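The values are calculated or read from the model by the stated rules, or taken from the named source; none is laboratory data. These numbers were taken from a predicted model, which means no experiment stands behind them. Please note: Cβ atoms are built from the backbone with ideal geometry, for glycine as well, and neighbour counts cover all protein chains shown.
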Amino acid sequence: FFYLGSGSWKTAQNSFLYSLVNLSGLSPTKMPLKSGREEYAMFYNSGYGPTYGGGHDLYICNAPNSNNCSTYLNNTYQCPSGQNNNMVLTGGQYFRVSEMEVYRL
């Protein structure tokens, strides 16, 4: 579903990000959409990999073996309380993907 259009947003009322394991040591954590940000749940661009959130809260680049993937929570998806929005998932804003799972519920 990542190549349906270039530069278009997908609304998803009940979308959320979920982390089973993270470098912050949090237990499995659900990061729900912020109220009023539903229209920015997912971003489609033919030059991107999976991208979630209006501020590209979670961006997986087309070359995931590079360090060009990024996370910057709290634009569209709520960052866990007391956590740094660009460090909570991966320990830094930029990262390399080793494993990712996407589910449709």
For this session: Considering only region 52-90, state which residues are buried (at least 19 other Cβ atoms within 10 Å of the Cβ) and not in a loop (DSSP other than H, G, I, E, B).
Result: TYR52, LEU58, TYR59, CYS69, THR71, TYR77
Problem set entry | Selection from region 91-105 of residues that are at pLDDT 90 or above and under 13 Å from the mean Cα position of the chain (by Cα) | GLN93, TYR94, PHE95
Problem set entry | Flag for ASN67 being farther than 17 Å from GLN13 by Cα and either touching a Phe, Trp or Tyr at 6+ places or on another chain (Cβ under 6 Å) or touching a residue at least 60 places away in the same chain (Cβ under 8 Å) (or both) | yes
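When you look at LYS30, is it of a type in the set (Lys, Arg), touching a Phe, Trp or Tyr at 6+ places or on another chain (Cβ under 8 Å), closer than 21 Å to ARG104 by Cβ and modelled with pLDDT of 95 or more, yes or no?
Criteria met by LYS30.
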For this session: Kindly establish whether TYR18 is of a type in the set (Phe, Trp, Tyr) and in a loop (DSSP other than H, G, I, E, B).
Result: no
For this session: Pairs only if they're at least six apart or on different chains, beta carbon under 8 angstrom, first in region 5-17 and modelled with pLDDT under 90, second surrounded by fewer than 11 Cβ atoms within 10 Å (Cβ to Cβ); list them, first residue then second.
Result: SER6/GLY47
